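Chemist: Got a structure for you, written out below as structure tokens; questions coming shortly.
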Amino acid sequence: MTGWAPTFAVSHQAWSSVRAVLFTDRVAVRRLQGCAVESWWIELGVGAGLASRGVPAECTVTVLEGRVSFHVFGNEVELPTGHVALLPPNLSFTIRVAGRSPATCLVSCSARLGDVLPLEPA
């Protein structure tokens with residue numbers, strides 16, 4: 001896909017210039033610092049996805065825009081805008097855009113993870 005660009009925009013001015021780490025040409029991840037929990041802003045272009053062999057903390061994945069397909073325990077669940085998935089620590093999962101529109105998710109974890117969220121392109 002060509003022409004896709006991250007669309008990061010939040011009302012909190014301190015976060016307005018948070019640098020994106022591009023995983024692929026369709027996946028941008030930003031670490032939001034200064035939160036009570038570790039938070040990551042994830043933008044997925046059409047057809048994009050991410051996988052994790054597990055995050056060492058309990059996390060929530062909130063779909064802020066679009067729809068995502070969530071694969072966990074061999075099951076697939078589609079989450080539309082506004083829905084939240086709760087992940088226990090060290091659980092493998094895959095998340096993909098469902099549909100023909102980009103998706104934006106917020107991943108919030110119960111512990112500090114450092115500079116790298118354990119994700120890889122899927």
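Chemist: What does the range 37-122 give for Rg and for Dmax, in Å, if only its C-alpha atoms count?
Modeler: Every Cα atom of the range 37-122 included, Rg and Dmax give 11.7, 33 Å.
Chemist: According to a simple spin-label model (label point 7 Å from Cα along Cα-to-Cβ), what is the distance in nm between A20 and S92?
Modeler: Those two pseudo-labels are separated by 2.9 nm.
Every number here is computed from the coordinates shown, using simple stated rules; none is lab data. Values in this document were obtained by computation on a predicted structure and should not be read as measured data. Using ideal geometry, Cβ is built from the backbone for each residue, glycine included, and neighbour counts are taken over all protein chains shown.
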